[in-house]
1. Give the residues of the range 88-102 whose amide nitrogen is closer than 20 Å to a point set 7 Å from the Cα of residue 189 in the direction of its Cβ.
2. Here are several values of semi-axes √(5λ) of the Cα gyration tensor in Å: (i) 29, 20, 18; (ii) 33, 18, 15; (iii) 43, 19, 14. Which one was derived from the coordinates shown?
3. Tell me, 104, 145 in order of fewest to most beta-carbon neighbours within 10 Å?
4. Sort 176, 81, 126 so the one with the fewest other Cβ atoms within 10 Å of its own Cβ comes first.
5. For the chain, give me the percentage of DSSP beta bridges that are antiparallel, rounded to the nearest 5 percent.
6. Which distance in nm do the two modelled labels at residue 43 and residue 59 give, with both placed 7 Å along the Cα-to-Cβ direction?
7. Using 7 Å Cα-to-Cβ label points, what is the residue 201/residue 95 separation (nm, one decimal)?
8. Roughly speaking, what is the centre-to-centre gap between the range 69-125 and the range 127-151 when only Cα atoms are used, to the nearest Å?
């Protein structure tokens, strides 16, 4: 693991993170290469509403975080990054090898994720990465789960593994929280709550 704690960790408001995610296309399968600039709402409240509308489930599974902007160097730092623990990626996320190299090697040709990674690999440049990748972890030591940018960083992993490809760097947003989180692969728990409005047994998902 590299010396993450020794780097510059610039604390940023969550609105900066919202803007980066919206500019990248939003969480949840929309991160495909495009040539046009994506429209981002003009006010902070509108940006947050847009993020909730497109990505509410992902935000629900994310503990409250302190957010920072940190410089990522590739290929040096890629070993500290993990693909999000989500069922479309892994049949058992809590037991999966989620590091970028393992996932890159296991992508099945013809699958939806393989096609997206291949599309990004042919179109990837720093404009698709700088301040448009969002990570989160439990401490500055890492490792970090990729909340937004999984396909892009897998494409970058494939590219930098080739001979003659120059190292590159970009700024990413990193959220830190000590809490358990579904997207780290932590166990999800359902809790029984009192019935209401004449209903029978009622359960809610304990997210973190």
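Only the coordinates and a few stated rules stand behind these numbers; no lab work does. Remember, it's a predicted structure, so these values are computed and weren't measured experimentally. In this analysis, Cβ positions are derived from the backbone assuming ideal geometry, glycine residues included, and neighbour counts consider all displayed protein chains.
1. Counting backbone N atoms under 20 Å from the label point, the list is 93-95.
2. Computed from these coordinates, semi-axes √(5λ) of the Cα gyration tensor in Å corresponds to label (i).
3. Lowest to highest Cβ neighbour count: 104, 145.
4. Going from sparsest to densest Cβ surroundings: 126, 176, 81.
5. Antiparallel: roughly 75 percent of the beta bridges in the chain.
6. 1.6
7. Going by the 7 Å Cα→Cβ label model, 2.6 nm.
8. After rounding, the separation between the Cα centres reads 11 Å.
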